[in-house]
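Scroll down for the structure; my scribbles are underneath it.
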Amino acid sequence: MVTMRHARMRLMNLAHQAFAAGRASAAGRVTSLRCNATISANRPPATVGNRLADVDTPALLLDLDAFECNCEKLHRTMELYPAVAVRPHAKAHKSADVARIQLQLLGAKGVCCQKVVEAEAMAEGGIGDLLLSNEVVSPRKIDRLAGLAAAGARVGVCFESVDNLRRLNSAAAAAGTSLDVLVELNVGQDRCGVDSPAEVVALARAVARLDNVRFAGLQAYHGGLQHVRDPRDRAQRVGKVVERARAAVEALAAAGIACETVTGGGTGTYKLEAASGVFTEVQPGSFAFNDADYSRNSQDDGSLGEWEQSLWVLTQVMSVSPSRGLAVVDAGTKAVSLDSGPPQLPPRYGELYGTTLEYVSGGDEHGKLLWPQGAYQLPMQLPPVGSLLQLQPGHCDPTVNLYDWIVAVRSHKAGGGAGAGAGAAAAEDDSRVVAVWPVRGRGPGH
């Protein structure tokens with residue numbers, strides 16, 4: 001009679017045999033592969049010198065001609081406001097390689113970060129002036145932030161409570177360093193920050209009683225206004241932001257407290273804050289890349305968009321169905337962010353195919369390019385299988401966050417010029433890969 005103990009022993013022997021057989025089989029496979037290929041789960045999608053046709057898809061492309069043009073344009077604009085500094089926001093790219101180029105082109109001294117891991121990525125890449133334009137409350141994250149300062153970086157961080165301030169001070173003291181702290185002022189987004197000038201003064205006074213934190217000023221940022229379409233509406237609403245910031249600065253002055261920095265303003269509103277006479281620093285980030293959402297913002301002259309598109313998602317057509325009027329690409333929700341709307345095909349493709357195909361999510365790994373319903377009277381032309389297409393992200397920041405690598409390309413066309421290769425059909429584009437940069441601060445943030 002088979003006892004329960006014998007049954008268990010038999011099952012354990014079978015499990016050990018299966019495990020041993022699996023290891024032997026796996027070892028054989030690995031030995032075989034070692035002879036023929038290099039295995040890597042984190043290989044970059046391209047190498048320097050590649051043509052676009054050689055880049056693995058989906059891939060994040062950065063057109064350096066257009067990127068540099070955007071940085072130079074911002075620099076020229078900010079020359080009109082010599083008392084206002086530019087601190088570009090690294091949450092857009094999360095790459096110290098990109099940040100170093102930005103700082104050089106903008107003549108800026110440091111960057112903004114939104115998460116501690118982004119600040120660590122910047123510091124690892126040699127960026128030594130960091131502002132956490134966010135609040136940090138986790139003890140472990142606070143310790144890491146203090147560690148950055150102890151390692152030699154100038155670190156600023158936002159706060160809104162005395163308890164958080166004391167934790168920041170204690171961590172800085174334990175690390176033998178100090179932190180700059182900025183009171184976060186709620187200027188209308190109703191997200192984080194204190195609501196009144198009196199609270200700002202009280203927090204600034206609390207800083208003065210501590211030894212390892214220094215009151216550096218205010219953050220007065222309203223992210224929701226960056227995407228207000230009408231320029232008059234945008235200006236009116238930013239005016240209310242300026243009023244709140246001015247009231248806080250005046251309250252500090254009345255209390256005898258100097259406020260050296262008032263920071264805020266993003267890609268959609270930075271000129272308004274810079275011209276206010278109140279803000280001393282602006283923190284645009286998406287300007288360097290642009291996206292479909294920012295391209296919908298009207299400007300004072302009636303034009304749409306302010307920046308050249310430098311960031312693209314390179315994708316390949318993997319299936320075509322004329323009967324369904326669609327082409328399927330390999331860029332799904334793991335490759336493009338949909339929070340601000342779908343990515344767009346640039347006008348170039350409308351010329352090639354007779355109309356602009358519309359992107360619709362097809363799932364994690366698939367995107368569907370649909371022939372517009374109103375264009376059925378035209379001869380249907382769909383891109384063939386294997387075609388490489390470039391998509392304009394709907395929202396650049398979270399799209400970058402989906403990738404491990406940024407593939408920097410530069411146009412080699414005769415005559416070149418800023419952005420000459422942007423959006424062109426890859427088969428006709430002779431752009432070359434000039435750098436492949438890791439995205440080091442990606443993820444949900446920690």
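The values are calculated or read from the model by the stated rules, or taken from the named source; none is laboratory data. Quick caveat, the model's predicted, so the values are computed rather than measured. Don't worry about glycine lacking a Cβ; one is built from the backbone with ideal geometry, like all the others, and counts go over all protein chains shown. Ligands, DNA and RNA are stripped out before the accessible areas are found, and what is left, the full protein with its side chains, is counted by its heavy atoms. Shrake-Rupley method; radii C 1.70, N 1.55, O 1.52, S 1.80 Å.
Here are the numbers for the structure shown:
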{"read-out": "Share of carbon and sulfur in the accessible heavy-atom surface of the chain [1.4 Å probe, %]", "value": "51"}
{"read-out": "Label selected from (1) 81, 77, 40; (2) 69, 60, 39; (3) 84, 47, 41, the criterion being Cα extents along the principal axes in Å as computed here", "value": "(1)"}
{"read-out": "Alpha-carbon radius of gyration plus Dmax, which is the widest Cα pair, for segment 191-283 in Å", "value": "13.8, 46"}
{"read-out": "Simple label model, 7 Å out from Cα along Cβ direction - Cys192 to Met380, nm", "value": "5.0"}
{"read-out": "Most mobile of Phe67, Phe215, Phe289 in a GNM of the chain (Cα contacts under 10 Å)", "value": "Phe215"}
{"read-out": "Kyte-Doolittle mean at least 0.0, axial Cα span of 20 Å or more - DSSP H helices of the chain", "value": "none"}
{"read-out": "Accessible area per residue in Å² at 1.4 Å probe, computed on the chain", "value": "46"}
{"read-out": "Against the rule of thumb 2.2 N^0.38 Å, how large the Cα Rg of segment 144-215 comes out", "value": "1.11"}
{"read-out": "Inter-label distance, nm, simple model (7 Å from Cα along the C-beta direction), Asp404/Asp233", "value": "4.2"}
{"read-out": "At R0 = 41 Å, FRET efficiency that the Cβ-Cβ distance of Ala275 and Leu352 yields, to 0.05", "value": "0.45"}
{"read-out": "Residue order for His227, His93 - accessible surface, 1.4 angstrom probe, largest first", "value": "His227, His93"}
{"read-out": "Entries in Lys109/Lys240; Lys141/Lys368; Lys271/Lys334; Lys271/Lys368 that, when Cα-Cα distance is taken, lie over 31 Å", "value": "Lys141/Lys368; Lys271/Lys334; Lys271/Lys368"}
{"read-out": "Stretch gain in nm, segment Val360-Ala83, where the contour uses 0.36 nm per residue and the Cα spacing is subtracted", "value": "95.2 nm"}
{"read-out": "Overall dimensions of segment 42-185 as given by Cα atoms, namely Rg and Dmax in Å", "value": "17.8, 56"}
{"read-out": "Using a Förster distance of 30 Å, the FRET efficiency for Ala41-Val434 (Cβ separation, nearest 0.05)", "value": "0.75"}
